[in-house]
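Novice: Just dropping this structure here.
The values are calculated or read from the model by the stated rules, or taken from the named source; none is laboratory data. Everything numeric in this text was worked out from a predicted model, so none of it was measured. Because the Cβ atoms are built from the backbone with ideal geometry, glycine has one as well, and the counts that use them run over all protein chains shown. Heavy atoms of the whole protein, side chains included, go into the accessibility calculation; ligands, DNA and RNA do not. Shrake-Rupley method; radii C 1.70, N 1.55, O 1.52, S 1.80 Å.
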Amino acid sequence: MSVPILFAFAEGQIELTLSFFVSAIVTLFFGGGMILAMRREITILGRRETFLAATLIWIVVPAFAGLPFYLSDAIPSATNSYFEAFSGFSTNGATVIVDLDIQPRAILLWRSLIQWVGGFSIIVFLSVLASAFNLPRSNPLTRAIAKSSRRRMSRRIGSAVLSLLKIYGLLTAICIVALWFAGMTAFDALCYAFSTLSTGGFMTTNAAGTAFASRGIEVVLMIFMVFGAINFSLHWSFFNGDRRSYFKDPEYRYLLIAIVLGSLFVFSLMMTQTDMSVGDTLRYAVFNTVSAVTTTGYNMPLVSDSGQYYWPIGALFVILVLTTIGGSIGSSAGGIKMMRISILLKVSNAEVNRLSFPSSIFPLTYGGQRILREQITSAWSFFVLYCLVLVAATLVLAFNGLDLQSSVTLAITNLASAGSAAQPLITDVVVGEENFISYEALPNFSKWVLCVTMLVGRLEFFAVLSLFNPALWRR
């Protein structure tokens, strides 16, 4: 919070500076109190403690991160302030702020900074606990932590966190400089770099077309959205000497293939159903596809010659499917993830072949390693849970007064940590007597439902649901 404090003070916004300062004091009081109370405790970091800590972190931190919004009257509602902070920390990107253009720059910077910290936190959580989710090809960062057996686990993880932070910070700095050279102001470059590398999607203005008016800016954003959606253990390997780390990982190839195929699908649908030029159609198709696959949620809304927003229904469907698939394991992107989709497709293909050759054996491999039965079970379990939570969230939102289109779209995008993608996709939906302009128009109950949806989707279901298993606490 010291960053927006200094920023608001430099701009002469004394009341806003005081709001951030009071929030920082409150946060320091509670955080410092817990540190002092636990300073003599012996830390035992097992799976149970890690899952509990991660869940509590994602629930508690937004309460303190939302204090500046509430105290400064930028968001004069406790529920809305918590929702905004929760959306930022989970890199979801859904916002309750209707008019971003009138917000103080310190508030806009704070929103982006929350996303940046949240993106890094989820990368650390998923990288360290990759083996806990029964994923093939345990990442090189996890293996490096395990090999450092002479040091305590807390120090090994601390070393890994510092190593990841250096890479995360370096990529962010490069993105800031690239956006600045591409034509953004220094402030916007800072905010969008934070939001882009964390695949969060918070913006500093309501006019997406104005913010992304430069082709150079669009290219830089797409490149770093992809960087944010790549498994950060590959970045770690690359910066630690393995220059071929990206090419040896199949998930990296699947991510690029999904972007290419998705862009072609969206491009072809837009060419046949809109009145845009070929160049603009290609530009819009590629940018929105990259944003969907990486679950960043940036949108360049399609505008016809008459000035009306228009999405071909087929293109909308493709974008929602790509958002559901998501990026790579160990990245800040959400969704089911490319690795799990690949495993499910391999298993399905093997079952189809077994119908023709019942006595044959079809070994399943991923990246040169055999896929174990528990890994297949884990992928199927995740997929089933994802579908069940998606249906449950849709039904609860529908029971709270939303129509089917908005309920499904909100459930899909928020479960995949791409809540900002929903806003331009359902502009014709009516909530009560008003059109859907922002999440602020939703009933408070729907916002809390979406917070729960963000939480379980962000922490990969098992980390949250395992806490309700009595067997976990008996061990």
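Novice: Taking θ as phi - 60°, what are the ³J(HN,Hα) couplings along the range 450-461 by the Karplus curve (6.51, -1.76, 1.60), each to the nearest whole Hz, with x for Gly and Pro?
Specialist: 5, 4, 5, 4, 4, 4, 5, x, 5, 9, 6, 6
Novice: Another question about this same structure. Probe 1.4 Å, all protein chains in place: accessible area of Val384 in Å², nearest 10?
Specialist: 80
Novice: When the solvent-accessible surface of protein heavy atoms is calculated with a 1.4 angstrom probe, in what order do Tyr298, Tyr284 fall, highest first?
Specialist: Tyr284, Tyr298
Novice: Follow-up. Using a 1.4 angstrom probe on the protein heavy atoms only, line up Arg39, Arg354 by accessible area, largest first. Don't jump to the answer; show the numbers that get you there.
Specialist: Numbers: Arg39 150, Arg354 75 Å².
From most exposed to least exposed: Arg39, Arg354.
Novice: Put +1 on the Cβ of each Lys and Arg and -1 on the Cβ of each Asp and Glu in the chain; which of Ser268, Ile14, Leu126 then has its Cα farthest toward the positive end of the dipole?
Specialist: Farthest towards the positive end: Leu126.
Novice: So how strong a dipole does the chain carry about its Cα centre when Lys and Arg Cβ are +1 and Asp and Glu Cβ are -1, to the nearest 20 debye?
Specialist: Values: 31 positive and 24 negative charges, 639 e Å.
It comes to approximately 3060 debye.
Novice: With a ≥ b ≥ c taken as the square roots of the eigenvalues of the C-alpha gyration tensor of the chain, please select rounded if a/c is under 1.5 and otherwise prolate if a/b is larger than b/c or oblate if it is not?
Specialist: Details: a/c = 1.41, a/b = 1.07, b/c = 1.33.
Judged from the Cα gyration tensor, the chain comes out rounded (a/c under 1.5).
Novice: Got a sec? What order do Glu84, Glu49 fall in by accessible area at 1.4 Å, biggest, i.e. largest, first? It would help to have the intermediate numbers written out before the result.
Specialist: Numbers: Glu84 0, Glu49 70 Å².
Largest to smallest exposure gives the sequence Glu49, Glu84.
Novice: Using 7 Å Cα-to-Cβ label points, what is the Val117/Val321 separation (nm, one decimal)?
Specialist: Distance between the two pseudo-spin positions: 3.9 nm.
Novice: On to the next question. What is the percent carbon and sulfur in the accessible area of the chain, measuring with a 1.4 Å probe over the protein chains and ignoring ligands? Don't skip to the answer; put the middle values down first.
Specialist: Working: 14260 of 21440 Å².
Using a 1.4 Å probe with all protein chains present, the chain comes out at 67 percent carbon and sulfur.
Novice: Once phi is turned into θ = phi - 60°, what whole-Hz ³J(HN,Hα) does the Karplus curve with 6.51, -1.76 and 1.60 give for every residue of the range 238-252, x standing for Gly and Pro?
Specialist: For the range 238-252, the Karplus curve yields 4, 6, 9, x, 8, 6, 10, 4, 5, 6, 7, 9, x, 5, 4 Hz.
Novice: Find the accessible area per residue for the chain; the probe is 1.4 Å, ligands and nucleic acids are left out, and the unit is Å².
Specialist: 45
Novice: Oh, and also: For Tyr366, enumerate residues with amide H under 5 Å from its amide H, sequence gap 5+ or separate chain, H modeled in the peptide plane.
Specialist: Result for Tyr366 returns Ile371.
Novice: Give a residue-ordered list of calculated ³J(HN,Hα) values for the range 160-167 (Karplus: 6.51 cos²θ - 1.76 cosθ + 1.60, θ = phi - 60°; whole Hz; x for Gly, Pro).
Specialist: These are the phi-based 3J(HN,Hα) values: 5, 4, 5, 5, 5, 5, 4, 5 Hz.
Novice: Run the 1.4 Å probe and let me know the accessible area of Arg215, rounded to the nearest 10 Å².
Specialist: The accessible area comes out at roughly 130 Å².
Novice: Ser331's amide H: which non-local residues (gap 5+, or another chain) put their own amide H closer than 5 Å, with H modeled 1.01 Å from N in plane and none for Pro or chain starts?
Specialist: Phe232
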